[in-house]
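Take this structure, written in structure tokens, and hold onto it; I'll ask about it next.
Any read-out appearing in this document is the output of simple, stated calculations on the displayed coordinates, not a laboratory observation. As the structure is a computational prediction, the values presented were derived from the model and not from experiment. Don't worry about glycine lacking a Cβ; one is built from the backbone with ideal geometry, like all the others, and counts go over all protein chains shown.
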Amino acid sequence: MIRKYSTGPLNNLTEKDKIVSKDIAVNSINQHQHKNARVRIKVFALNGKKKLIHNVVFTVKPNASTFNSFFVGNTKQYEVQFITNQSKVQFASFGISPKDRYVAAHRVINSELTRIL
């Protein structure tokens, strides 16, 4: 069964139109003991119209994790979608500021993701 999750829209500008996150770090972990998980990560710019800006597919081995980094510095808003074929895969997404610090407002952990049916 395919499972699909979303961060929902995340604003990427301050009140003074400064970029909040230049990059995002995305983690995936496969908690299954024996099965590989196929994962697709899609990142969309939401600058008025939804536009796919990153689309990667990879395999996560059993009891293993992955790390991906994506540039979002040109987006006013963005959304991250996670798609997998396994039920025991968890995801998290973290914003990284232009000063290379984590952005608390752009931290979305697995329990905060919205499942897309």
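On full extension of the chain, what length is gained from N68 through K49, given 0.36 nm per residue of separation minus the C-alpha to C-alpha distance?
Net length gain for the segment: 4.4 nm.
Let me ask another. Using modelled amide H (1.01 Å from N, peptide plane; none on Pro or chain starts), what sits under 5 Å from the amide H of H54, excluding residues fewer than 5 places away?
HN-HN under 5 Å from H54: V43.
Would you kindly derive the ³J(HN,Hα) couplings of region 21-38 from the backbone phi angles with the Karplus curve 6.51 cos²θ - 1.76 cosθ + 1.60 (θ = phi - 60°), listing them in order in whole Hz, with x for Gly and Pro?
The phi angles translate into 10, 8, 9, 10, 9, 10, 10, 10, 9, 9, 8, 6, 6, 10, 9, 5, 10, 8 Hz.
Specify which residue in the list S6, V26, T59 is farthest towards the positive end of the charge dipole of region 1-64, using unit charges on the beta carbon of Lys, Arg (+1) and Asp, Glu (-1), about the Cα centre.
T59
Let me ask another. If you stretched the chain out fully between L117 and R3, how much longer would it get, using 0.36 nm times the residue separation minus the C-alpha to C-alpha distance?
Numbers: separation 114, 0.36 × 114 = 41.04 nm, distance 0.79 nm.
That works out to 40.3 nm of additional length.
What residues qualify as long-range amide H neighbours of N12, i.e. H under 5 Å apart, gap of 5 or more or another chain, H built at 1.01 Å from N?
It is Q77, Y78, by chain and number.
Follow-up question, since we're still on this one. In whole Hz, what ³J(HN,Hα) sequence does region 100-113 give by Karplus (6.51, -1.76, 1.60; θ = phi - 60°), x for Gly and Pro?
6, 10, 5, 9, 4, 5, 10, 8, 10, 9, 3, 5, 9, 6
Let me ask something additional. If Lys and Arg each add +1 and Asp and Glu each add -1, what is the summed charge of the other residues whose beta carbon sits under 12 Å from the beta carbon of P9? Show your work: numbers first, answer last.
Numbers: positive: K50, K76; negative: E79.
Around P9, the surrounding residues sum to +1.
Using the Cα centre of the chain as the reference point, and only Cβ charges (+1 on K/R, -1 on D/E), how large is the resulting charge dipole? Debye, rounded to the nearest 20.
Values: 19 positive and 6 negative charges, 64 e Å.
Rounded to the nearest 20 debye, it is 300 debye.
Could you tell me the relative contact order of the chain? Use alpha-carbon pairs under 8 Å, at least six residues apart, and round to a whole percent.
Over the chain, the number comes to 40 percent.
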